[in-house]
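Structure first, commentary second.
The values are calculated or read from the model by the stated rules, or taken from the named source; none is laboratory data. Model, not experiment: these values are computed from the prediction. Please note: Cβ atoms are built from the backbone with ideal geometry, for glycine as well, and neighbour counts cover all protein chains shown.
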Amino acid sequence: MTEAIEPYGGAGEEASTVRPYAVTGGRVSAANSHLPMEALVEAPSAIRNLRGLTPEKKKILQLAAGQYQSVAELSAHTRLPLGVVRVLVTDLAEEKYLTIHTAGTADDAATHDANGGLSLSLLESVLDGIAAL
């Protein structure tokens, strides 16, 4: 009896190292490479024709439909690396499938005080969000 020999770590390991590269079409950074992981993404509730979109892009649109999701949350829910999700989100925004909201993120100048530290209002809103959990 002959058994198939799998590569070290099994077929799943090999596929997981190739997959992110294939999902992004070989790109390692998005056009908007400064997209913060806390940026909020929103898709309209009624999403138009999804033909031609990859399953990963469809999943992102499904997760963001009618609600705000951060780029980090999308990464966790799709089980894709953050860099891959940044590329896909940027692609979807360029194709007008979703909207990216970056105002009020930790990288935004409006969220910093005169000394360059995070503003008190931002820190209070983070604490309020944690308390709400």
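Looking at region 61-84, is at least one residue in contact (Cβ under 8 Å) with a residue 12 or more places away in the chain and among the charged types (D, E, K, R)? Scanning region 61-84, I find no residue that is in contact (Cβ under 8 Å) with a residue 12 or more places away in the chain and among the charged types (D, E, K, R), so the answer is no. Among the residues of region 66-100, just one is out of contact with any helix residue (DSSP H, G or I) (no Cβ under 8 Å at 6 or more places or on another chain) and among the aromatic types (Phe, Trp, Tyr), namely 68.
Residues that are at pLDDT 65 or above and hydrophobic (A, V, I, L, M, F, W, C) were ranked within region 18-39; the one that is surrounded by the fewest Cβ atoms within 10 Å (Cβ to Cβ) is 22.
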